[in-house]
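Remarks on the structure that follows.
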Amino acid sequence: MKMISRRDFMKASAVVGAAGVLTACGGSSSSTAASSTAASSAAASSEAATGSANVGVCIYQFADNFMTLYRTDLEEYLKDKGYAVTIVDGKNDQNTQTEQINTFLQQGVDVLIINPVQTTSAQTIVDTIKPSETPIVFINREPEKAVLDSYAGKCCYVGADARQSGTYQGELILETETQGDINGDGKITYIMCKGDPENIDAQYRTEYSIKALTDAGKEVECLYEYLDNWDQTTAQQDVANALAQYGEKIEVVFCNNDAMALGALQSIEQAGRTVGKDIYLVGVDALKEAVQNVVDGKMTGTVLNDDVGQATAAAEATQLFVEGEDVEEYYWVDYVKVTTENAAQYL
C-alpha cells in the first residue's frame, strides 16, 4: 500500500469537509477557541498580478513552526481560487503589523486575513480597517467576541478551540499506564512550558490540560510554570533548570506547543530521563519531528493543530467575502489527539 504524507492526508480530509466546516461549525456565537524557517518581510510572498481578488495576509511571525505550515497551505488554497496573494511577516511586532495593514489598505486589497501579533490590538485593527469596509478574516489568534461584533458581517474568526487542545493533553496523560502518577504517591507533579501570555491558545492550553486531570479526580501539584513564548531553545533551557532543581519530582512536562516540547525533550534526554518510563511529555501542533518522537516513544503524545483544515476554512471564508455571500462569525476546526496508535498517519 502506498503511504501518503501527512499534508496530503490532511488536505484530502480538509477538502472533503470544507463545506461542512463553513456551515455546521460556522454558527457558533461563543468566544472559544506555533523555529523552523525564518523569513523576512522583504522575502514575503507576493504572487500573481492577476486574479479575481487581491488578498493581503498578515502573519504575526514567519519564524513560527506552526504558522509556517499554515501560511504555506493558505497561500496554496487562495491561489487555487485565482486570487492574487501577498503575505507579510509581522516579525512579532504589532507596530510593524499595523504599518503592513495600512499599506494593504492603501493598495486597496479586497480582503485582509490577519493573524494578529497581539489579540489585545484586535479592536484597534478593526477600527483602522472599518472605514474602508474591507472584510477581515482573523486566523489562529482569537479576538474577543465584541471585536467581531463591532464589524458584524464583515469580520470573522477561523480557528480551533484551544480548550479542546488543552483537554486532550490532559487526557493523553490520563491514558498512560500510571495516569500521570509515576511514583504512585497519589499526586501528579508537573511543570508547564507556556506560550505568549496574551495568546488565548496559551491561556486555554495551560488551564484546560490541568482541568482534565482535576475533573478526573486527580490531585495535582504545579512545580513551576515557565514563560517560554513558544520557543524551543528557551524551553530547553528552562526544562534543564527545572530538572536540575526538582529532579525526579517532575512526573509530567506540559508544553503549549511542539516546539517547546522538542526543546524539553532535549533536556529530558540530557538529564538521563526516559519518556514513558520515569516522565511524561506532551505538546500541541503535531509537527513532523514531534510526531516522529511519538512514534519512537520519545514523546507521550501531541495534539494535531490542523493547519490544513484551518487554512482551507480561511480560504473558503475569504471566497465568501469576495463573492458577497453571507459569512458566519466563527468557523471552528477540531483538534485531534496523536498517540502511538495513530501517529503514523500524521507523519
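Evaluate E = 1/(1 + (r/R0)^6) for E76 and S52, where r is the Cβ-Cβ distance and R0 equals 22 Å; express this FRET efficiency to the nearest 0.05. Please report the intermediate quantities before stating the final value.
On the way: r = 16 Å, r/R0 = 0.75.
Step by step, r from the Cβ atoms, then E = 0.85.
If I stretch the segment between E219 and Q179 completely, what's the gain in nm (0.36 nm per residue apart, minus their alpha carbon distance), one decimal? Write out the running numbers ahead of the final one.
On the way: separation 40, 0.36 × 40 = 14.40 nm, distance 1.13 nm.
This chain segment gains 13.3 nm when fully extended.
What distance in nm separates the two pseudo spin-label positions at D326 and E289, each 7 Å out from Cα along the beta-carbon direction?
Simple spin-label model gives 4.6 nm for this pair.
With only Lys, Arg, Asp and Glu charged, each at its Cβ (+1 for the first two, -1 for the last two), find how big the charge dipole of the stretch 190-240 is about the Cα centre; round to the nearest 20 debye. Numbers along the way, then the final one.
Values: 4 positive and 11 negative charges, 35 e Å.
Computed about the Cα centre, the dipole is about 160 debye.
Dipole of the chain (Lys/Arg Cβ +1, Asp/Glu Cβ -1, origin at the Cα centre): which of N293, G170, Y70 lies farthest to the positive side?
Of the listed residues, the answer is N293.
Report the far tail of the P(r) of the stretch 122-244, meaning the percent of Cα-Cα pairs longer than 20 Å.
Numbers: 4216 of 7503 pairs.
For the stretch 122-244, the share of Cα pairs beyond 20 Å comes to 56 percent.
Please list, by residue number, everything in the stretch 308-343 whose backbone N is under 16 Å from a paramagnetic label point 7 Å out along Cα→Cβ of S132.
322
Could you work out what % of the accessible surface of the chain is carbon and sulfur, using a 1.4 angstrom probe and leaving DNA, RNA and ligands out of the count?
Values: 6450 of 14050 Å².
The computed percentage sits at 46.
Given charges of +1 on the Cβ of Lys and Arg and -1 on the Cβ of Asp and Glu, with all other atoms neutral, how large is the dipole of the chain about its Cα centre, in debye to the nearest 20?
Details: 24 positive and 51 negative charges, 88 e Å.
About 420 debye.
Multiplying the sequence separation of A146 and Y246 by 0.36 nm and subtracting their Cα-Cα distance, what value in nm do you get? Walk me through the intermediate numbers first.
Numbers: separation 100, 0.36 × 100 = 36.00 nm, distance 4.28 nm.
Taking 0.36 nm per residue and subtracting the Cα distance, the gain is 31.7 nm.
With a probe of 1.4 Å, find how much accessible area the chain has per residue, and write the answer as a whole number in Å².
Values: 14050 Å² over 347 residues.
Solvent-accessible surface per residue comes out at 40 Å².
The values are calculated or read from the model by the stated rules, or taken from the named source; none is laboratory data. Remember, predicted model here, so these are calculated numbers, not experimental data. Backbone-built Cβ (ideal geometry, glycine too); neighbour counts: all protein chains shown. Accessible surface areas use protein heavy atoms only, side chains included; no ligands, DNA or RNA. Shrake-Rupley method; radii C 1.70, N 1.55, O 1.52, S 1.80 Å.
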